[in-house]
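Quick notes on the structure that follows.
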Amino acid sequence: MVALLVGLLLSLLKSQLYALQTFAGEDSELSRVIYVMDSNLSKRLITHVETNGEKLVALTFDDGPDPLYTNDVLEILEKYNIKATFFVVGENAQAHPELIRREIDAGHEIENHTYTHADLSRANAAGTEEEIKKTDALLGRMLNRNMKYFRPPKKLFRPETIDIAERNGYQTVLWTICVENAQSPTPQAMAKRVIDAARPGMIILAHDGRLDRSKTLLALPIIIKAYQEQGYQFVTLDELLKTSDA
């Protein structure tokens, strides 16, 4: 009886979290609290990885490919000899296949970020599945392999989104910290916030599309150098997750 009541309370709490999240600004304190609570409630929602103290982190990028920023991001990654994971928007990949090819040729990982950058907190089950499957089919043709990880845009999604992703062969992955933040107006402040939060198993989110990402381009070298000086190694998301299975 107690277990049943606890289960019902957790289910009710989670439904309220998703409802509140729709109205919370992405960088607001309410959004942060919802994110932390939801991450703790759902073990199927990946926000960090246990590496047993090994200094590994994953640098991930959303919203590309975008010719305004993706090429510059790739140059930075090449300069520091690191591999990253790109959660790409299907329609952007369709428009810029040469950037996808460049990412693959450089050894980076490509994963699914919906086809139109949809707000999945407002999408029904059929709409969510179409966003995932359309991008999956496109990337499958382009890369000749299966993708593993899905990230809902702006961490906006419904309780069934994770089920739909899993039904289509995906684990849902969010992040530990985001480079872009409303409380960090300069590249230096953006970098300091991410550097101060450094710990093994982090999933760092940055963006290479949609909005003005010029500050991100300036912050990235500061972050990468500081992490490398502390002994951290940047790996792809898949490599990071495999450490928790070892």
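Summary table
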| quantity | calculated |
| --- | --- |
| Most to least packed among 59-71, 155-167, 132-144 [average Cβ atoms within 10 Å] | 59-71, 155-167, 132-144 |
| Burial ranking of peptide ranges 169-175, 109-115 (average Cβ count within 10 Å, highest at the top) | 109-115, 169-175 |
| Overall form of region 45-170 per C-alpha gyration tensor (a/c, 1.5; a/b vs b/c) | oblate |
| Cross-link pairs beyond the 24 Å C-alpha cut-off, checked among Lys134/Lys154; Lys83/Lys242; Lys154/Lys225; Lys134/Lys242; Lys55/Lys242; Lys154/Lys215 | Lys154/Lys225; Lys134/Lys242 |
| Reference-scaled alpha-carbon Rg (2.2 N^0.38 Å with N residues) for region 91-246 | 1.09 |
| Environment charge of Leu143, counting only residues whose C-beta is closer than 11 Å and scoring Lys/Arg +1, Asp/Glu -1 | -1 |
| Overall form of region 116-179 per C-alpha gyration tensor (a/c, 1.5; a/b vs b/c) | oblate |
| Anisotropy class of region 179-220 from Cα gyration tensor, a/c 1.5 cut | oblate |
| Rounded to the nearest 20 debye, dipole of region 44-245 from Cβ charges on Lys, Arg, Asp, Glu | 280 |
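Values quoted throughout were computed directly from the atomic coordinates according to the rules given, and no laboratory measurement underlies them. The structure displayed is predicted, hence computed values, not measured ones. No Cβ is skipped: glycine too gets one built from the backbone with ideal geometry, and neighbour counts run over all protein chains shown.
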